[in-house]
Ligand code: GDP
């Protein structure tokens, strides 16, 4: 949002997606919202006299010309989405009608920018910054788990967790202030071992919080899984078995997957993004080489690499795969288990392989479990709030670093001033997460990710 715009003028936007449907909703927010709605929609009762959270049927006119019949819902500040007066006009879901109504509305109100309704909710103290981010996450959620986290976060789970930590840091800071004020009079009675213990406990709590960020980001963005292995081991078949569709080309001839394919699936409410890569091998084919290069770049960005082989892997292929398997996010998979004996299977499991069969009905169960193992989020974490994006993780990490410095200052007995300084830095970093202190630039960046009308 540019600087010269009045933050609290009256804004409007179509809040439902563009296109035809049962209804479309135009939202108006700001001091003149109800007044503007009453001028546009002719209702039986004067909207200005109606109570908050009430809906009224009426007709929309452009001068004398009737445009549509609509339902207006009015909400009075402060108990509204934005914290301001809000009117929502539900008209028939026809883009032709909506554009005519918007033209009339915009004679009286300014077109809202992307995320501006939610930005006002934040600026008016209706939600904190993590809540605002969660609104966007909820709109974009594609799986049960990301939906659950977004919903909890929107209702304040992360905010409360951060506020709890802030409160504890503030207690130590107050102790330090007393120490600073009274130390020259020899009156301070700080029990440094208690302060140090509490700082250590806080460090641990912050560390746990930061760790949740790994799960949180994966929950939102999905777990990126690269299927890697020599041609013909069954990568495309596994890919297809995951999707239960036939998007990837399955063929008995090596090297037909020339590039990588991406598809997303939801398993147990978690988003898995599968990348089927070109067979990694030496090849004279130029086009295949390009595909292999692209696959290799993609493998570098994957969260998990499924290194797939079959029992009779050749030493040559093994050599190519060895380089990749050095990475710690590699899961070694043996496919075509249906062709193996029980003792062969047991042998592979012993060597740390996950055993699967793309052609058997439940042949991927072991692999699915392995993939979900590290990303399953506990109900406890879900309720107590987790970090879900890079911005939050970066700020929490800065808070952790500052708290660590405070701890060192205590150990080195540098004095309460030093400790207080570092604690303050830690508080500031945590306050940034919930948006107690924010720069305009940061806000613009966050809200510009939203769609118009939200
Ligand atoms: P890719 O080149 O690694 O993608 O391999 P494909 O998915 O194209 O599979 C190569 C061949 O192996 C095909 O004929 C598949 O039907 C077969 N195949 C794949 N997975 C299995 C499996 O689990 N068991 C058996 N018996 N055959 C499989």
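In square nanometres, what is one fourth of the surface area of the convex hull spanned by the alpha carbons of region 299-454?
Numbers: hull surface 67.0 nm².
The directionally averaged projection comes out at 16.8 nm².
What translational diffusion coefficient, in µm²/s and rounded to a whole number, does the Stokes-Einstein relation yield for region 10-146 at 25 °C and a viscosity of 0.890 mPa s, taking the hydrodynamic radius as the Kirkwood radius over Cα pairs?
Details: Rh = 15.4 Å.
After rounding, the answer is 159 µm²/s.
Report the gain in length on full extension from residue 96 to residue 437: 0.36 nm times residue separation, minus Cα-Cα distance, nm rounded to one decimal. Write down the numbers at each step before the final one.
Working: separation 341, 0.36 × 341 = 122.76 nm, distance 4.26 nm.
Length difference between fully extended and current span is 118.5 nm.
Taking 2.2 N^0.38 Å as the expected size of a compact globular protein, what ratio does the Cα radius of gyration of region 165-218 give against it, to two decimals? Mind showing how you got there, number by number?
Working: Rg = 15.3 Å, N = 54, 2.2 N^0.38 = 10.0 Å.
The value comes to 1.53.
At what distance in angstrom do the alpha carbon centres of region 203-239 and region 362-403 lie from each other?
10 Å
Can you check how the C-alpha radius of gyration of region 347-434 compares to 2.2 N^0.38 Å, as a plain ratio?
Values: Rg = 22.1 Å, N = 88, 2.2 N^0.38 = 12.1 Å.
Dividing the Cα Rg of region 347-434 by 2.2 N^0.38 Å gives 1.84.
Do the sum for the chain: with -39,500 (n - 2.57) for every DSSP H run of n ≥ 4, divided by all residues, what is the mean residue ellipticity at 222 nm, to the nearest 500 deg cm²/dmol?
On the way: 16 runs with 215 residues, N = 454.
After summing the helix terms and dividing by residue count, I get -15000 deg cm²/dmol.
With a point put 7 Å past each Cα toward its Cβ, work out how far residue 394 is from residue 327 in nm, to one decimal.
2.3 nm
Sticking to Cα atoms, compute the Rg of region 37-99 to one decimal and its Dmax as the biggest Cα-Cα distance, whole number, in Å.
12.1, 35
Placing one identical point scatterer on every Cα of region 28-71 and ignoring solvent, what is log10 I(q)/I(0) from the Debye formula at q = 0.17, 0.25, 0.30 Å⁻¹?
-0.45, -0.92, -1.19
What are the extents of the Cα atoms of the chain along their three principal axes, listed from largest to smallest and rounded to whole Å?
Sorted from largest, the Cα extents of the chain read 81, 81, 38 Å.
With the contact rule set at Cα under 8 Å and sequence spacing of 6 or more, what percent relative contact order holds for the chain? Display every interim value, and only then the final one.
On the way: 779 pairs, mean separation 78.2, N = 454.
Contact order relative to length: 17 percent.
Assuming a viscosity of 1.002 mPa s and a temperature of 20 °C, what translational diffusion coefficient in µm² per second does Stokes-Einstein assign to region 399-448, Rh being the Kirkwood radius over Cα pairs?
Working: Rh = 11.8 Å.
It diffuses with D of about 181 µm²/s by this estimate.
No solvent, one uniform scatterer per C-alpha: report log10 I(q)/I(0) for region 99-186 via the Debye equation at q = 0.12, 0.18 1/Å, two decimals.
Normalising to I(0) and taking log10 leaves -0.61, -0.88.
Any chance you could run the full-extension gain for residue 380 through residue 414? It's 0.36 nm times the residue separation minus the Cα-Cα distance, nm to one decimal.
Values: separation 34, 0.36 × 34 = 12.24 nm, distance 3.84 nm.
Extra length from residue 380 to residue 414 when fully extended: 8.4 nm.
Full extension from residue 243 to residue 347: what is 0.36 nm times the residue separation minus their Cα-Cα distance, to one decimal in nm?
Working: separation 104, 0.36 × 104 = 37.44 nm, distance 2.89 nm.
Stretched out fully, the residue 243 to residue 347 stretch lengthens by 34.5 nm.
Write down the Kirkwood hydrodynamic radius of region 353-402, to one decimal in angstroms, obtained as one divided by the mean of 1/r over all alpha carbon pairs. Write out the running numbers ahead of the final one.
On the way: mean 1/r = 0.0715 Å⁻¹.
Kirkwood radius, region 353-402: 14.0 Å.
Take peptides 435-444, 399-408, 169-178 and line them up by average Cβ neighbours within 10 Å, highest first, as a rough protection proxy.
Values: 435-444: 13.6, 399-408: 20.7, 169-178: 17.9.
In decreasing order of mean packing, 435-444, 399-408, 169-178 become 399-408, 169-178, 435-444.
Using r as the Cβ-Cβ distance of residue 111 and residue 160, and R0 as 45 Å, what FRET efficiency do you calculate, to the nearest 0.05?
Details: r = 35 Å, r/R0 = 0.78.
Given R0 = 45 Å and the Cβ-Cβ separation, E is 0.80.
No value in this document is a laboratory result; all are computed from the given coordinates. Computed from a prediction, not measured in an experiment: that's the story for all the values here. Using ideal geometry, Cβ is built from the backbone for each residue, glycine included, and neighbour counts are taken over all protein chains shown.
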